Structure formats: structure tokens, C-alpha cells
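In what follows, a structure is listed as C-alpha cells, so that the remarks can point back to it.
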Amino acid sequence: MLHAGAGDPAIVLAAFRTSVVFVPRDPDGRVWTGDEGGVRWIWAFSTEAAMTGFALARGHQGTELDYLTVRGSRLLDVAVPAVGRPCGVALDVGGAQPMLFPPVHGIVPDAVAVDGGQG
């Protein structure tokens, strides 16, 4: 993977795009997000255990956790543009090896890339 500077970004992105991930939702059906550096980040998780661990660490208790299962490509190609502001996907945020898919050319559609679609 890309951790510790090793790995091929194109392979990691391709793997994410074809993977099914877990995206937690609040009781109103909104997906969990965080804002950092002017970018909204959709939180996605590679396993139910990673998602549940994150939820528990954030104080989620008692009721069942509502979530979506979705392909990474759908998050990047459909959900990110729907946000209407700079947005990316944070995979396994809070975990040992988080991965960010920022809103730049080659990751999200050019129309919503913060670098203007320039690679």
C-alpha cells in the first residue's frame, strides 16, 4: 500500500474503486463526514469492525449503527460531486492505516476536482 511511502497509487485507487466499503449514517440518513482544510471528507470503512470501532470511539452506543454498503467508485463519482463543495473520501479514518482520496484530478470527476482537472 501507500503507507510509509511504498506502493503504487494507481493500484490503490483501482482497488478502492472496485471495493465495497461501509459508510455510516446518522438517524436522519446523512452519511458521516468531517471537515478539514476546507474539504469535506466522507468517512468510509473497509470492514464493519473498523466502522464499529470508530463509532464506539466517537461515543456511539446502544442503538444499532445504520450504514450503507457502496462501491468506492460510487462514492468518488456520484457522492463526492453531490456534496456541492470540495469533498473527498477518508477510508478507515481513526484506524491504524487511514487512506485519503482527495478531490483532485484522477480521483474524482474533473468538474469537482480542486485542481481544476489538471494532473
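The values are calculated or read from the model by the stated rules, or taken from the named source; none is laboratory data. Since we're looking at a predicted model, the values are computed, not measured. All Cβ positions, even for glycine, are placed from backbone atoms using ideal geometry, and neighbour counts span all protein chains on display.
Count of segment 102-119 residues, restricted to those that are outside any loop (DSSP other than H, G, I, E, B) and of a type in the set (A, V, I, L, M), is 3. Quick check on my filter: what residues within segment 42-60 are β-branched (Val, Ile, Thr) and over 17 Å from Val89 (Cα atoms)? Scanning segment 42-60 gives a single hit, Thr52.
As a summary of the residue check, Arg40 satisfies the conditions (1) in contact with a strand residue (DSSP E or B) (Cβ under 6 Å, 6 or more places away or on another chain); (2) at pLDDT below 95 except for the one numbered (2). Residues in segment 89-101 that are aliphatic (A, V, I, L, M) and part of a strand (DSSP E or B): Val89, Ala90, Leu91, Met99, Leu100. Could you say whether any residue in segment 63-71 is over 16 Å from Pro24 (Cβ atoms) and either among the basic types (Lys, Arg) or at pLDDT 95 or above (or both)? Yes, that holds for at least one residue.
Taking segment 1-88 and the helices (runs of 4 or more DSSP H) fully enclosed by it, the elements with 1 or more residues that are among the basic types (Lys, Arg) and surrounded by 14 or more Cβ atoms within 10 Å (Cβ to Cβ) are at 9-18.
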